1. Say whether the condition of being crowded, with 17+ Cβ neighbours inside 10 Å and in contact with a Ser or Thr (Cβ under 8 Å, 6 or more places away or on another chain) is met by at least one residue in the stretch 68-80.
2. For D97, work out the one condition from (1) more than 16 Å from the ligand (Cβ to nearest atom); (2) touching a Lys or Arg at 6+ places or on another chain (Cβ under 6 Å); (3) open to solvent by 40 Å² or more (accessible area, probe 1.4 Å); (4) over 24 Å from A65 (Cα atoms) it doesn't fulfil.
3. Which condition number in (1) touching a Lys or Arg at 6+ places or on another chain (Cβ under 9 Å); (2) within 11 Å of the ligand (Cβ to nearest atom) is the one that E84 fails?
4. Kindly indicate the residue of the stretch 115-132 that is buried (at least 18 other Cβ atoms within 10 Å of the Cβ) and more than 13 Å from the chain's Cα centre (by Cα) and also farthest from D60 (Cα to Cα) among those meeting that condition.
5. What residue, among those in the stretch 30-49 that are out of contact with any His (no Cβ under 9 Å at 6 or more places or on another chain) and more than 16 Å from A81 (Cβ to Cβ), is most open to solvent (accessible area, probe 1.4 Å)?
6. Just to be sure I understand, how many residues within the stretch 81-94 are more than 26 Å from R175 (Cβ to Cβ) and open to solvent by less than 70 Å² (accessible area, probe 1.4 Å)?
7. From the list A50, A117, A135, A65, which one is in contact with a helix residue (DSSP H, G or I) (Cβ under 7 Å, 6 or more places away or on another chain) and either of a type in the set (A, V, I, L, M, F, W, C) or assigned to a helix (DSSP H, G or I) (or both)?
8. Going through the stretch 1-24 one residue at a time, which ones are away from the ligand (no atom under 16 Å from the Cβ) and either crowded, with 22+ Cβ neighbours inside 10 Å or free of Cβ contacts under 8 Å to residues at least 12 places away in the same chain (or both)?
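The values are calculated or read from the model by the stated rules, or taken from the named source; none is laboratory data. Source: prediction; values computed, not measured. Methodologically, a virtual Cβ is constructed for each residue, glycine included, from the backbone with ideal geometry; neighbour enumeration extends over all protein chains shown. Accessible surface is based on the protein model in full, side chains and every heavy atom, while ligands, DNA and RNA are left aside. Shrake-Rupley method; radii C 1.70, N 1.55, O 1.52, S 1.80 Å.
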Amino acid sequence: MSRLKLAVMISGRGSNLQALIDACADPAYPAEIILVLSNRPDAQGLARAATAGIPTRVIDHKEFADRTSFDREMTKAMETAETEMVCLAGFMRLLSDEFVDHWRDRMINIHPSLLPAFKGLDVQERVLARGARFAGCTVHYVRKEMDTGPIIVQAVVPVLPGDTPDVLAARVLEREHDIYPLAVRLIAEGRVAIDENDRAVIDGAVAQQGCLVNPVG
Ligand code: GAR
């Protein structure tokens, strides 16, 4: 079986990277991580990659005059490693249009909300401020506008009384660690197509049935 070659781009903690590393440790999983790229030399995720024996590369954005030259260097590194798909996993820099176009339909991201709601930063603060009853996370293909693009998998969690942003983020993060490896597997198995309306269509996956209500009383 040939496994889909992933490059994972990080900026920090790397817990989603770890979820992908753990999934790829199963020889039956149809993808492998061939490179971990960080724009920050102090990203904790770099140690996770090193422990797993995965090559790492730091490309510090501060050393580049502009976004385009930084992005080109990342593409060069990933192409040299023969990357087939890019996984953004807590990569906290905006990407140039050129970069997004170059990797179109070959780059996915995880975001800690039920997109298209709550794009951007400080998501759980805003979820709580709006009194939303559910939160969640999304894996999606990347398009030029931030936090847009065909949605592949989402997971939903309830917002509970007394939640703080950190508590809610931790509840969401647990589910992120399920859906990122799931989305990568669906793609690697060739089961994700993008239709003419730029929506992802999943072949042979079972849709979740039923209805969630929060609160109940
Ligand atoms: C995750 O919650 C991820 O969804 C979020 O950053 C965190 C990274 O955690 N990404 C974004 O907000 C991107 N817009 P990690 O480094 O432990 O995977």
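1. Yes, the stretch 68-80 contains at least one residue that is crowded, with 17+ Cβ neighbours inside 10 Å and in contact with a Ser or Thr (Cβ under 8 Å, 6 or more places away or on another chain).
2. Failing condition for D97: (4).
3. (2)
4. Of everything passing the filter in the stretch 115-132, A132 is farthest from D60 (Cα to Cα).
5. Q44
6. 2
7. Criteria check complete, one pass: A135.
8. S2
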